[in-house]
1. Between THR77 and ASN2, what length comes free when the chain is fully extended (0.36 nm per residue of separation minus the Cα-Cα distance, one decimal in nm)?
2. By a straight-distance test (C-alpha under 19 Å), which aspartates and glutamates pair with LYS286 as possible cross-link partners, with residues fewer than eight away in the same chain excluded?
3. Which order do ARG238, ARG226, ARG293 fall in if you start with the one that has the fewest other Cβ atoms within 10 Å?
4. Please give, to one decimal in nm, the separation of the simple spin-label points placed at ASP278 and ASP256, each 7 Å out from Cα toward the Cβ.
5. Using 0.36 nm times the number of residues separating GLU217 and TYR34, minus their current alpha carbon distance, what extension gain do you get?
6. Which one of TYR34, LEU301, LEU151 has its Cα pushed farthest toward the positive end of the charge dipole of the chain, where Lys and Arg give +1 and Asp and Glu give -1 at the Cβ?
7. What's the exposure ranking of GLU14, GLU155, GLU27, going from fewest to most Cβ atoms within 10 Å?
8. Run the quick spin-label model on ASP43 and ASN26: label points 7 Å from Cα toward the beta carbon, then report their separation in nm to one decimal.
Amino acid sequence: MNKINNSEILLIYEAKYTNPNGDPDNENKPRMDYATSRNIVSDVRLKRFIRDFFYKHLGMDIFVRKEDDGSTVDATTRANNIAQKKGKKGADLELLKEFIDIRFFGVTLPLKKQGKKQVKEQVEKQVKEQGSKGSSITLTGPLQFTWGYSLNEVEILNSPSITSHFAGAKETGGSIGKFWIVKYSLISFYGRINGKLAEYTGLTYDDIKKLDENIFEAILCETSTRSKIGHHPLLYMRIEYNDNLVLLGDLRRFVDIDKKKGIENTRDFELDISRLIDRILNIQHKISKLVVRLDTNMSYLENEIKNKLSQVYVNFI
């Protein structure tokens, strides 16, 4: 397996008349930073898009899902069930590396009283090298995302009441609820692939290629429910470095838009990545390649990237 080096990721997608990430503790309203009027989205929500797409559409089994019979179990029980199917006696992290979501995001297995005896000595040694201790086995994933936030100020639309005649337990019953949506949110995520941690989970270049080639489709295909229709990916950029020592930090710091209020679609603003391009130019000798995917509404960025980064190997997907 070729050595994996550090990468940094910028992902931007739009959400129109939809709920990007509801807060169950607040009537399932879209999560907001009300001080800045920014819409926020958890990294767990983005990871769920990726996991579900790989499982449903690419036919790749994933660890974080329900059992084949539809039952929901805790992580340790799922790991033990998998081990039993493979003829093993207990949870084995080497076995769990067969799952692409563990190779990406890692895994934490809480250990029950008898659980520690089931872990092989070689796995315990590997866990100790990563600093895990106490009542759980932790394999830290090399691919991590921050919480996402909108680049624009977001308006939550007043919710109409919705009714259901099938939600209540009584024949004559039903339920009345609220359905909250944002008008328009330009959501941005920053992510990293840690080359050193990739060694522990067995992440491969083929895994990373699958992420590059399918993250747009994951957002499109896994937002097909009433609360999620309205998502559309706009930009994906992955900067791959020559080693594991270089990082620019949160790439969103170098991204601007020319309008932050009253946005309703991509025609209302222009995305400005000139400061990001300048940063890339400053360290171009440390970059192995730049992977870029653009929606047609962002095609005006292609020439800027090609012209200004002519000395960088750019792979447009």
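Every number in this text was worked out from the coordinates using simple rules, so none of it is lab data. In this text, all values refer to a predicted model and were calculated from it rather than measured experimentally. Every residue, glycine as well, gets a Cβ built from its backbone with ideal geometry; the counts of neighbours run over all protein chains shown.
1. 23.7 nm
2. GLU8, GLU240, ASP243, ASP250, ASP278
3. ARG226, ARG293, ARG238
4. 0.8
5. 62.8 nm
6. Looking along the dipole axis, the top candidate is TYR34.
7. Ascending number of Cβ neighbours within 10 Å: GLU27, GLU155, GLU14.
8. Going from the ASP43 label point to the ASN26 one covers 2.1 nm.
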